[in-house]
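Asker: Submitted below is the structure of interest, expressed as structure tokens.
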Amino acid sequence: MVITAKHILHSSFYLIASLLCVAMFFIMLRAEYLAAVQILVYIGSIVVLIIFALMLTRTKVGDETNISNNQKIFAAFTAMILFVCLTIVFFNINLEVKVESISKVSIVSVKQFAEVLFSAYTLPFEIASLLLLAALVGSVVLAMKEKTEENNDNKKFTK
């Protein structure tokens, strides 16, 4: 649905649902940290950034938007080749998993990871958040500058 939706905004919502399902798989595999990262990083920032970019650049999101192309046959052919290759690899691989002692594995909880992240690595974490904020503000400024230049050009042609 992300690829085949007619509305670009609906595609981003389907992407959110898809990434949320991946986070649910991580939870079922008892990888809570990866699920939290999936939700925070991908859904919480990247998809929201895509939605902000769509809204701020004033992209047409109605029925008249044509976001499809004429490469559906090539895409289906490529997907079929990938499926066949992965099936061949899956059936011909020989995995032998030997677990010697599971007691040697130390499991770090999300709480322990957060304590380390927000105590020893607070400064790099904050610097990364400021860089992302600066990038977002810069994209808004560029989008608004392009919009005002378009309005000025339209005013020249109408006079």
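The values are calculated or read from the model by the stated rules, or taken from the named source; none is laboratory data. Model, not experiment: these values are computed from the prediction. Neighbour counts are summed over all protein chains in view; Cβ atoms, including those assigned to glycine, are modelled from backbone coordinates with ideal geometry.
Asker: Whether any residue in the stretch 5-19 is at pLDDT below 85, of a type in the set (A, V, I, L, M), surrounded by 14 or more Cβ atoms within 10 Å (Cβ to Cβ) and part of a helix (DSSP H, G or I) is what I want to check.
Answerer: Checked against the condition, which is being at pLDDT below 85, of a type in the set (A, V, I, L, M), surrounded by 14 or more Cβ atoms within 10 Å (Cβ to Cβ) and part of a helix (DSSP H, G or I), the stretch 5-19 yields at least one hit.
Asker: Mind checking which residues of the stretch 70-82 are assigned to a helix (DSSP H, G or I) and within 16 Å of ILE3 (Cβ to Cβ)? Let's see the steps before the verdict.
Answerer: Here is the first cut: in the stretch 70-82, the residues assigned to a helix (DSSP H, G or I) are 72-82.
Within the stretch 70-82, LYS72, ILE73, PHE74, ALA75, ALA76, PHE77, THR78, ALA79, MET80, LEU82 meet the criteria.
Asker: Restricting attention to the stretch 56-78, does a residue exist that is out of contact with any Phe, Trp or Tyr (no Cβ under 8 Å at 6 or more places or on another chain), at pLDDT below 90 and at positive phi?
Answerer: Checked the stretch 56-78: at least one residue is out of contact with any Phe, Trp or Tyr (no Cβ under 8 Å at 6 or more places or on another chain), at pLDDT below 90 and at positive phi.
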